[in-house]
1. Just add up the charged neighbours of residue A:92: K/R +1, D/E -1, any other residue whose Cβ is under 10 Å from the Cβ of residue A:92.
2. What does the convex hull of the alpha-carbon atoms of the stretch A:132-222 project to on average, in nm²?
3. What number in nm² do you get for the stretch A:1-158 if you take the convex hull of its Cα atoms and divide its surface by four?
4. Using Cα pairs closer than 8 Å and at least 6 residues apart in sequence, work out the relative contact order for the stretch B:44-129, in percent.
5. For chain A, what does the relative contact order come out to in percent, with C-alpha contacts under 8 Å and a separation of six or more?
6. Just to be sure I understand the curve: with the Debye formula and one point per C-alpha of the stretch A:371-454, what is log10 I(q)/I(0) at q = 0.11, 0.16, 0.18 Å⁻¹?
7. Could you please report the charge total around residue A:247, scoring K, R as +1 and D, E as -1 over all other residues with beta-carbon less than 10 angstrom from its beta-carbon?
8. Contour minus end-to-end for residue B:11 and residue B:167, with contour as 0.36 nm per residue of separation and end-to-end as the Cα-Cα distance?
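Just so you know, all these numbers are worked out from the coordinates, no wet-lab data involved. Quick caveat: nothing in here was measured; it's all calculated off a predicted structure. When we count neighbours, we look across all protein chains shown, and the Cβ atoms used for this are built from the backbone with ideal geometry, even at glycine.
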Amino acid sequence: MQRIGSPEKLEEIRKAILEARDPKASSIAICAAPNCHALGNGAVVDAFEKEVKAQGLEGKVRVMATGCLGFCEMGPVVIVNPSNICYVQVGADDAAEIVSQVANGEKPIERLLYADPDTGERVEALDKIPFYREQSRILIGDNARIDPTSLEDYLAIGGYAALSKALFAMTPEAILDEVKESNLRGRGGGGFPAGRKWETTRNAPGEEKYVIVNGHEGEPGAFMDRALFTGNPHLVLEGLIIGARAIGATKGFIYTRHDSPMLLANLNRALEQAREAGLLGNDILGSGFDFDVEVHFDVGIFVSGESSALMRSLEGNMPEPRPKYVRTSVSGVNDMPSNLNNVETWANVPYIINNGVEWFAGMGTEKSNGSKLISLSGSARNIGVVEVEMGTSLKTVVETIGGGVANGKKLKAVHFGGPMGGSIPGDMIDTPLDFDELGKLGAPMGAGALLVIDDETCMVSLTRYFVEFLTKESCGKCTPCREGMRQMLNILNDICSGEGRPGDIERLEEIADTMSVASLCSLGKTAPDPLRSALRYFKAEYEAHINEKKCPAGDCAIEAN
Amino acid sequence: MSEVRLTIDGKEVAATEGMTLLEAARTVGVEIPTLCHHDKLEPYGGCRVCTVEVEAWGRTKYVVGCVYPVEADIVVRTRSEKIDQIRKTILELMLAHAPDSHDLAEMAKEYKADPEKYRRESSFCIHCGLCVRYCDEIKGKNAVTFVDQGASREISFIPEIAAKECWDCKECFPLCPTSALQAAYVLARSFEDVG
Amino acid sequence: MTQDKIDQIIDKFEAKPRALIMILMDIQHHNRWLPKEALERVSERLGVPLAKVQQIAAFYKTFSLVPKGDHELHVCTGTSCHLRGAQKVLDTVYEVAGIRPGETDSESKFSLTAVNCMGACSLGPVMMVDGQYHGRLAPSKTEDVLKNVK
């Protein structure tokens, strides 16, 4: 694309793109994310492309390999626009029929529509399927409307309008105020207000300032950030550039996973496109604002997602959290003020700038606004990437969207936040999705990985799994975390194998107390959280293992004496 | 350098800006226990034995004295029921590695730590990092380093460098609070002899 | 891997000490493991002590300090796969190939790594063989997948 030197030029180009497109032309979006890919959709995409050519429909029907469409359980998923039909479990053999249906506006193909598992009734429209019906797919919904490798597509749906507005119609202070007033809270775990963090970095002295995208997503069961980033890389980039403007940063870092080839390809292409179009680099859109980004990869350890460890890693050092008592927003990368937000937080920024504070604050609860991406996994019937309004009850998420528990089992608990999160029992499922409410119950939202736990899962064994995970994924620098988890794991191994002794629970609690106060970084401080929540709600299960040598869930292999 | 006034264990302290709590406490004769601290080395904050209580702006937090800088008007307590409990647990976790260490045994008496509380571990190392940091910061040789992560983390000599540098140095030996270092070094040598 | 190739990679990152991790990743990517000579060369060219290079190489699970087998197996041990039987997949790999995570078999056919969440939770338990996903793996299916690797 040619270099876009002014906001007027941007709108001109956008208009030209839209005019060249037939608004009635259909598009077939084929999910190309890992789940669907694993189900053989590489062949599906090829088959559709061949079919469009064979039927002579080039220019009339567009086939797009898109980012994640969310409904992983029913993959490969195909969404037809503008008719809004959703086909599930599509194979390469179905391509001819679907292409013909789309081109000729025929009746939807019954057998490929989603069938209600209880009534068997077929559902035609995407937004009538229970999985999609209760969602507010603000951030992730565009995945179905764009080819993630096309800047034109992003511009066609209004892309970079927020950046243009931020650069030409707003002062940096006004951008900051807008984000502060919106009460956008960090989506990566802590729920800290993003605007306040931005302000700290903006006001901190430093020759250079940095903005960073945390796309590490190392938490097992969390896959929503990569779904968004892979499917719509320009959205995250646009948010980052706007943030840089507000903060006064001239350089950004994107820290992301090394093991998602499609994410890397789409991200690198987006950066090239943005540089070529003058949306990144010097004199962005002719505004005089200079900003560019560097991409760094995590090399596979969980602790490097911790903010100071991540920044040490960006400097080429060991990803050990810094012992200093200075916030990274004041002194981070190269000891310069550095503002870190996760993928989803940045993605919200263009929406807030475009739609305003009232729109954003109008969604959710009093203190948790906007929408939230959730990756639903575990024993839910429908596993996938979900986006709901904050304040939605967990019941809606688990039972309606998630379709309840798979294989006829019963709901035992839901677990948020992976190895540093917590579980709440199934009977508390009316709780709303809210940072503070969930925090109070001991199951903070974390990044949004929601694990559905059925009644055949042992809570002791699950805690054991999380602790074992962290003994391998921490850095090992400080005593409470390294040694505390080592001994916690010893004790939990004993309990699970029927070797538990009276006093074990107390010893676990002592270790947890020391870890949560005396550990160096937030990983060690929150590592005992799954144990704490398990002891809060499921202590009887621990006692049964220790005193009766029984696993009530029938999950642990305890030898009967 | 400006003066910073704070309270440590009820004593008024006039410290210098940039001092750590550990240093400020020493000026008034308050000793905070440490294991990974060394006056010649950069603050490390690894062992967490020097955890103290800081009251500031109506809030109480727990920080490590070897790193936390002095701040005006804060109230620091170096002993309390909670701090003693934290130190006790940390010592018990370390004693699982090095039950015979003189330094640990002395502290264990003070904090009533039970050496048998947790399962005995095979390695003596308590990961204070004194040898690693001394070799890096003072000697500039980097003959010994940490390898691996999490619970598998351990110290290891780089045989090529160790063969050249260590025989005539050995300055890190007396720093080790558990004598694990010597074992590691001998191990590295024996590998070399075999290989 | 020749020294020229290693130098090329180092040059690509202008021999900046800050790019240490990226350089090691590139070498790992091309060579599939990090030979001692490569670490020494990187240390020399970047002016970073060998001990630090080794520390980083040993810290991250992605780096291998020993040669890898012809085929790379990645078994997901994320929470969802764990609940859906990842251990059985690991056990089956052990039965068929005799290796545990982090190991390579004696014939250098397979290397096995346990990874955290591949983001394909609806397919759990999942194993990736040379970049190709295999999902909903029961022990017999795992065995078939391994036997079909040529």
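1. Numbers: positive: A:50; negative: A:46, A:51, A:93, A:94.
Computed value for this residue: -3.
2. Working: hull surface 35.4 nm².
Reported value for the Cα convex hull: 8.9 nm².
3. 10.0
4. That works out to 27 percent.
5. Working: 1156 pairs, mean separation 75.0, N = 561.
The normalised contact order for chain A reaches 13 percent.
6. Reported log10 I(q)/I(0), two decimals: -0.22, -0.48, -0.62.
7. Value of the local net charge: +3.
8. On the way: separation 156, 0.36 × 156 = 56.16 nm, distance 4.71 nm.
Result for the pair: 51.5 nm of gain on full extension.
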